[in-house]
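Trainee: One structure follows; several queries about it will come next.
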Amino acid sequence: MPSSHPSSNTPPAARKGWRAAVAGIADSIEKPVEVLIRVCGWSSIFLVAAIFLFVLLGAMPVLPKIEWFGEHAFFTSTEWHAKDDHNPSYGVLGMIVGNFAVAAVAMLIAIPLGLAAAVYISEFAGSTTKEWLKIGIEVLAAIPSIVWGFIAVTIIGPMLQKYTGAQWGTNLLNGGIVLGLMSIPLIVSLAEDSLRAVPDSYREAAMALGANKWEVVRRVLFPAAKTGLVASCMLGVGRAIGETMAVLLATGNKNQIPDSLLDPVTTLTAAIASEMGDAVTGSDHMASLFTIGLLLLIITCAINLTANVFIRGHKKKGAA
Amino acid sequence: MEQAPSVDVRDFSLWYGNFQALLSVSAAFKPGIITGLIGPSGCGKTTLLRSFNRINERYGNVKTTGNITILGKNILDTDVSIASLRKRVGMVFQRPNPLPISIYENIVFGVKSHTPGRERKRSAMDQMVESALREVSLWDSVKDDLQRKATELTLEQQQKLCIARLLPLKPDIILMDEPCSALDANGIERIEELITELKSRFTIIMVTHNMAQARRASDECIFMLMGEIVEHCPTKEMFFNPKNEKTAMYIEGRYG
Ligand SMILES: Nc1ncnc2c1ncn2[C@@H]1O[C@H](COP(=O)(O)OP(=O)(O)OP(=O)(O)O)[C@@H](O)[C@H]1O
Ligand SMILES: [Mg+2]
């Protein structure tokens, strides 16, 4: 009876030899596998470094030509005419302000709504409702950025014009609303995870002392899950700052410092995306877009690092 | 003269979904003594205990019939305030479960729930914390660092704290579900001592798996089996002269 399994029909001695061979192979590949695993482990660090280097190299040609601080400089001007070969100007102040303003509006919307939804899902909803809401949140998270852009332009924009009398429907508020809605799923799912991780015995302890459900949330779950909740909000901010497509469509893409919530603005990401198509490879224009990218990379890394340091700090304090 | 019972259970049945965990149970618990609840695993001790402060209701699938009268009021009536019920009926859990906040805040947690913000006085609360911690003889070891997180204490200290945090609410009844099962021999001894010191002022109902503990620490004992009360009598009587054959078998260690 033919069989592909050597162990099933080979004599015991041969079987032993086969086993030994396998063991030998296992021994001889153990080392390379270990190395491979280690490389995979470190690859995230390499990748980050490589990306930084890549962006930095891309920006390099124009870096000496940029005036950073001063009157009409990179960080102080809102004039961005990088395409102009003869008299270019590189001012990103409007993009930076726009970026943070949009993110701030987004978080004002997303943090309260996201945390409230997380509390509802983890503490108040019945088990069927909970399942459905979680599916809803996942679907919401899966909506492509560009679709949010459509919604911004065709639904939110006209509504803003109708109810606020804004001149343009695409503006800071619109961008904030869309980004807020986009960040909610991330905040909800991370916040819900950290609420769910709070041991049930804490809830029972508080309830047995006469606390109602709302008090349990406020006085027990929030303190107990604080680290995770803050981290979820910070990652929401990170998402809001790095988001591009929807923001490009929703904000009106105007490099200026907004006077009101209804002024069009732009962000670092939107500026890159909107000009990338016209930029000639190897030109100063392209390099200047990489410079914006570098700035963005530094900002988002800083936010993530802060979130991490915060979480670590808390873990240590908790363990002490 | 026989004292009026502080907890009086009449024909009380409880279902988890379709499963009936308590079958028409009746019992009267006297004030000033410790009543032990014993019986094999799964017989419904915890279920009965958790009915007295209605904390069982947090599982949505619980149905009950019958009466539980606590200090003259049927607590299963719809008009009962859960918050005030739980103020009068405190609970100590099997695993010490101090809240992950400071020692101080753990002790005043209940009081803060029951008094509106403007009526709270700092000095009164400080006083409460000190006397509660003194009563469980924890004051000397923690007084210098009341802001320390309560979850950092040793298990024995945590369980003492869990008892101490009931005291500011001035409960009449304290429910304990195997309060010593997470502790080592020394811890067990000291918690038992503490419970014995407290008993004259409260009605204490204590679930235990440990026959020796039931014998040492309880004044009356209730033996349960499969959701029913088999025997309820003074502890001495139960251990020296059980009336029911099943009780005798359990006490001799012939059930799980
Ligand atoms: N939330 C619940 N849902 C469904 N059934 C439950 C629930 N809690 C307990 N039961 C069941 O009710 C019965 C009594 O459980 P209970 O926890 O009261 O027993 P116990 O006497 O405290 O046992 P142990 O000594 O193991 O703590 C058991 O059969 C148990 O499986
Ligand atoms: Mg139990």
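Laboratory data are not the source of any read-out in this text; all were calculated from the coordinates shown. Note that the structure is a prediction, hence the values are computed from the model and not measured. Here Cβ is always computed from backbone atoms with ideal geometry, including for glycine, and neighbour counts include all displayed protein chains.
Trainee: Filter the cross-link list B:Lys170/B:Lys243; A:Lys130/B:Lys45; A:Lys130/A:Lys226; B:Lys121/B:Lys160; B:Lys63/B:Lys236 down to pairs whose alpha-carbon distance in this structure exceeds 28 Å.
Mentor: B:Lys170/B:Lys243; A:Lys130/B:Lys45; B:Lys63/B:Lys236
Trainee: Before anything else, pin down the relative contact order of chain A: Cα pairs under 8 Å, at least 6 apart, normalised by residue count, whole percent.
Mentor: Relative contact order here is 23 percent.
Trainee: Estimate the FRET efficiency between B:Thr64 and A:Ala116 by the formula 1/(1 + (r/R0)^6), using the beta-carbon distance for r and 30 Å for R0, to the nearest 0.05.
Mentor: Using R0 = 30 Å, I get an efficiency of 0.35.
Trainee: Here is a follow-up. Just from its helices, what would the mean residue ellipticity at 222 nm be for the protein assembly as shown, if runs of 4 or more DSSP H residues each count -39500 (n - 2.57) and the sum is divided by every residue, rounded to the nearest 500 deg cm²/dmol?
Mentor: Calculated at 222 nm, the ellipticity per residue is -17000 deg cm²/dmol.
Trainee: Same structure again: Pop out the ³J(HN,Hα) list for the range A:292-309 in order, Karplus 6.51 cos²θ - 1.76 cosθ + 1.60 with θ = phi - 60°, rounded to Hz; leave Gly and Pro as x.
Mentor: Couplings: 4, x, 4, 4, 4, 4, 5, 5, 5, 4, 4, 5, 5, 4, 4, 4, 5, 4 Hz.
Trainee: Residue by residue through the range B:6-17, what is 3J(HN,Hα) from phi via Karplus (6.51 cos²θ - 1.76 cosθ + 1.60, θ = phi - 60°)? Round to whole Hz and write x for glycine and proline.
Mentor: Calculated HN-Hα couplings, in order: 8, 10, 10, 9, 10, 6, 8, 10, 9, 10, 9, x Hz.
Trainee: Fewest Cβ neighbours within 10 Å first, please rank B:Lys73, A:Lys65, B:Lys199 accordingly.
Mentor: The order, fewest Cβ neighbours first, is A:Lys65, B:Lys73, B:Lys199.
Trainee: Which residue, B:Ser113, B:Ser137, B:Ser218, has the most motion in a Gaussian network model of chain B that connects Cα atoms within less than 10 Å?
Mentor: B:Ser113
Trainee: With the dipole of the range A:26-136 worked out from charges on the C-beta (+1 for Lys and Arg, -1 for Asp and Glu) around the Cα centre, which of A:Phe124, A:Ala101, A:Val35 lies farthest toward the positive end?
Mentor: Sorting the options by dipole projection puts first A:Phe124.
Trainee: Still on this model: Expressed as an acute angle from 0 to 90° and rounded to the nearest 10, what is the orientation of the C-alpha long axis of helix B:155-164 relative to the principal long axis of chain B?
Mentor: 90
Trainee: Here's a follow-up. Work out from phi, with θ = phi - 60° and the Karplus expression 6.51 cos²θ - 1.76 cosθ + 1.60, the ³J(HN,Hα) of each residue of the range A:231-240, listed in order in whole Hz, and give x for Gly and Pro.
Mentor: 4, 4, 5, 5, 5, x, 4, x, 4, 5
Trainee: Would you grab the residues whose amide H sits under 5 Å from the one on B:Thr203? Only those 5+ places off in sequence or on another chain, please, with H modelled 1.01 Å from N.
Mentor: For B:Thr203, the qualifying residues are B:Gly32, B:Ile173, B:Ile174.
Trainee: Test of understanding: in a Gaussian network model of chain B with alpha carbons linked when under 10 Å, which of B:Lys87, B:Lys243, B:Lys30 would top the mean-square fluctuation ranking?
Mentor: Looking only at B:Lys87, B:Lys243, B:Lys30, the biggest GNM fluctuation is shown by B:Lys243.
Trainee: Extending each Cα 7 Å along its Cβ direction at B:Met211 and A:Ser274, get the distance between those two points in nm, one decimal.
Mentor: Placing both labels 7 Å along Cα→Cβ, they lie 8.4 nm apart.
Trainee: Output the 0 to 90 degree angle, nearest 10, between the alpha-carbon long axis of helix B:103-114 and the longest principal axis computed from the alpha carbons of chain B.
Mentor: Result, in degrees: 70.
Trainee: Okay, moving on. Could you let me know the centre-to-centre spacing of the range A:209-250 and the range B:174-202, using Cα atoms, in angstrom?
Mentor: Centre-to-centre distance over Cα atoms comes out at 40 Å.
Trainee: Relative to the longest principal axis of the C-alpha atoms of chain A, give the angle of the C-alpha long axis of helix A:172-196, reported between 0 and 90° and rounded to the nearest 10°.
Mentor: Long axis of A:172-196 versus the principal axis of chain A: about 20 degrees.
Trainee: What range in chain A is the longest one free of chymotrypsin sites (Phe, Trp or Tyr not before Pro) that are in a loop by DSSP and have at most 11 other Cβ atoms within 10 angstrom?
Mentor: The segment A:70-320 is the longest one with no such site.
Trainee: Can you give me the C-alpha center-to-center distance between the range B:40-113 and the range A:71-92, rounded to a whole angstrom?
Mentor: Going from one Cα centre to the other spans 68 Å.
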